Amino acid sequence: MKTEKVDRRVKYTKMALRESLLELMLERPINKITVTEICRHADINRNTFYMHYNSQFDLLSSIEESFSEEIKKAVERSLDTGVFDGLVSEICQYIAENGDLCKILISDHGNGDYLKRIIYLFHDRSIDKWKKEANHIDLNRFEAMYSFISSGSSAIIHEWLKNGMRESPKDTAQFIEKAIFAVEQAFLL
């Protein structure tokens, strides 16, 4: 019974600290936010903060990692089954369901490269697929192509979030998939 109480307190503390940081990040970048501000905003002692996190960057990293886990699971399911149709749509849907959080994580107030790190989850699978389809092409070209596609996909998702996700997740995913297909067809033939 005692560990259950402690677990609930720890969960509450971490939740309060996370919410506090995210609310502060709506106003300014992570590098302009102090641990003291986070604690004051969450009404939690600094010592308690340091029991769980080393810095505001560590806290942000924890938030990002929690969110990334769901996307990683979707990518891994696709890798395991070899079924990639609908993967971009699934990721866009998950982003839409967590729109407020994503707007903060992907904004200029975050670490800046979060979305690219998410998209990098597709790197190895994409390179392997392209090698099988066009083994006559140099690996450096595949890397350049992946960089181009991932940057473009990131930009599309960033704009979609910035503009209030007016298009559906499905429409956004289809746009990204068409762009990827067009690039693949142009370079792999």
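Every number here is computed from the coordinates shown, using simple stated rules; none is lab data. What you are looking at is a predicted structure, and each value in this text was computed from that prediction instead of being measured. Positions of Cβ are generated from backbone atoms using ideal geometry, with glycine treated the same way; all protein chains shown enter the neighbour counts.
The modelled label-to-label distance between residue 27 and residue 68, using points 7 Å beyond Cα along the C-beta direction, is 2.8 nm.
Modelled spin labels at residue 181 and residue 77, positioned 7 Å past Cα toward Cβ, are 2.2 nm from each other. For residue 166 and residue 19, the FRET efficiency from 1/(1 + (r/R0)^6), where r spans their Cβ atoms and R0 equals 45 Å, is about 0.95. The sum of -39500 (n - 2.57) across all DSSP H runs of n ≥ 4, divided by the residue count of the chain, sets its helix-only mean residue ellipticity at 222 nm to -25000 deg cm²/dmol. Going through (1) 1.16; (2) 0.98; (3) 1.21, the figure that equals Cα Rg over 2.2 N^0.38 Å as computed for the structure here is (3).
Quote the relative contact order of the chain in percent (integer), defining contacts as alpha-carbon pairs under 8 Å separated by 6+ residues.
Once divided by the residue count of the chain, the mean separation gives 21 percent.
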